[in-house]
1. Could you list Met275, Met236, Met165 so that the one with the fewest beta carbons within 10 Å of its beta carbon is first and the one with the most is last?
2. Going by how many other Cβ atoms sit within 10 Å of their own, how do Leu154, Leu301 line up, fewest first?
3. Can you tell me the dipole magnitude for the chain around its Cα centre, using point charges on the Cβ only (Lys, Arg +1; Asp, Glu -1), in Debye to the nearest 20?
4. Run the helix sum for the chain: -39,500 (n - 2.57) per DSSP H stretch of 4+ residues, divided by residue count, reported at 222 nm to the nearest 500 deg cm²/dmol.
5. About the Cα centre of the range 55-199, what is the dipole size in debye to 20, counting +1 per Lys and Arg Cβ and -1 per Asp and Glu Cβ, all else neutral?
6. Check which residues have an amide H placed less than 5 Å from Phe44's amide H, if you skip close sequence neighbours.
7. Give me the net charge of Cys88's neighbourhood, meaning all other residues with Cβ under 12 Å from the Cβ of Cys88; Lys, Arg count +1, Asp, Glu -1.
8. As I understand it, the dipole of the range 131-220 uses +1 on the Cβ of Lys and Arg and -1 on the Cβ of Asp and Glu, about the Cα centre. Which of Ile206, Gly160, Gln136 lies farthest toward its positive end?
Amino acid sequence: MAFMRKSKFRHVFGKAEKRDQCYDGIRITRSSWESTYCAVNPKFVAVITEAAGGGAFLVLPLSKTGRVPIDYPLVAGHKSAVLDIQWCPHNDNVIASASEDCTVKVWEIPDKGLEQNLTESVVDLMAHQRRVGLIQWHPSANSVLLSAGSDNKLFMWNVGTGEPMVEVELSDVVFSMSFNYDGSRFACTAKDKKLHIIDSHTGQIISEGKCHDGAKPSQVAYLKNGQLFTTGFSRMSERQYALWNEKDLSKPVTLEEIDSSNGVMFIFYDPDTSMVYLCGKGDSLIRYYEVTDEAPYIHYLNLYQSSSPQRGIGYMPKRGLNVNHCEIARFYKLHNNGLCEVIPFTVPRKSELFQDDLYPDTAGDIPAISADEFFAGKNAPPILVPLKDGFVPTQKEQLKVVRRSNILDKMPNRSSTAPQSNNAPAAAAAAPALPPGLPKDFDAAAVMSQMAELKKTVKAQESRISELESRLATMENAGTEEEEAEVDGGN
């Protein structure tokens, strides 16, 4: 008897935000380089743009939704096209960019965003002889960056000093790379169709094996449990995913075919939930799976489908999600028409309480070790932070009591002195003590005098109104008597 596998993520669904909550009018790059073109963190969204005479990318505060002005400032310091951008995981204002001009630049973005074009970088990292297509920040060490270029070389940088500390040379161009959980090693796939595992400190190749057979670019993600998840193509150009054991790359733990489309499938991995999201360039789908330790190891959950293909895509870190809405992922999908569409993925829950089972402690923005400690050989996993601190309980509506006005509340205070004559204005009372907050030149006696004059005027107007009403009533009575007399005479 067939049964459905139990999973709390089986009902995860994605739903795009309304257009006014997205970002529109972006001149997205037309580069053919296999990149996501978009990077997101809890403060900003960055998109590589089309720029004449150099390379540039757009940085927007997350709150600046709607249409982007055509003259909005850009980060525009590269001499050639920008190929990859990555936010620093330990500083939400720092972003690195890789370019065809053979350099990697690191930029600092103001909290409120850019007010004019930013052309001066914080540091330039120059060692590659050909274009730099990939960059990746170390997950736990401060100011450590990995870069890969078309010169078949990878460099591990100390961004604080601008020096390449580790150099790795492979036999072919690198297509993708990913650090393991503590950053002690990283995996990369290359044009030679091999999957490599490399020591982050020494640059030594620990192991390597044949990956996907197809010639198109393959992608890799290093999982928290030490396994590796890859996507690629078969010899017949069918798209595949595979799971590998880091200790044995001779054959995959499991390998499955997906479809026969030709777009490269980018991998987004959530170590907290063990979920993997696959986003194919040119696809209108986002597939998601759950990775477990039991066969068949990779369990299909569902897919998000839309009508428009994705040109690029960005993935929000876990600490930037809305835990009040049970959001477990958020994507920023780039359309061909210049729209950056926000797509949250949520787990349907009835309870309004914080969902502890969905949000274990996650990697925070505090580095576990310094760059010097890392290059001295030290490793450390990321420092975890609870997401419950970002949970805001739902505000319950308070009972509202609408009180009717009471005429007694508006009655003037009665004076103990004898009433004044109607013909004479009331004498000004003694000036009371100034209550706190009144201006120094406040004249209480003058105000009381003006009030008395106003009362006198109102009294005169009331008398005049009474007189006119009496005259009108007299005229109406006279008219009625004349009509009655005419009627009697006719009879």
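1. On the way: Met275 21, Met236 9, Met165 15.
Least crowded to most crowded, the residues run Met236, Met165, Met275.
2. Working: Leu154 25, Leu301 18.
Lowest count first: Leu301, Leu154.
3. Values: 52 positive and 62 negative charges, 238 e Å.
The dipole of the chain has a size of about 1140 debye.
4. On the way: 2 runs with 52 residues, N = 491.
Calculated from helices alone, the mean residue ellipticity at 222 nm is -4000 deg cm²/dmol.
5. Taking the Cα centre of the range 55-199 as origin, the dipole is about 420 debye.
6. Leu62
7. Values: positive: Lys43; negative: Asp92, Glu108, Asp365.
Neighbour charge sum, excluding Cys88 itself: -2.
8. Gln136
Laboratory data are not the source of any read-out in this text; all were calculated from the coordinates shown. Everything numeric in this text was worked out from a predicted model, so none of it was measured. Note that each Cβ is placed from the backbone with ideal geometry, even for glycine, and that neighbours are counted across all protein chains shown.
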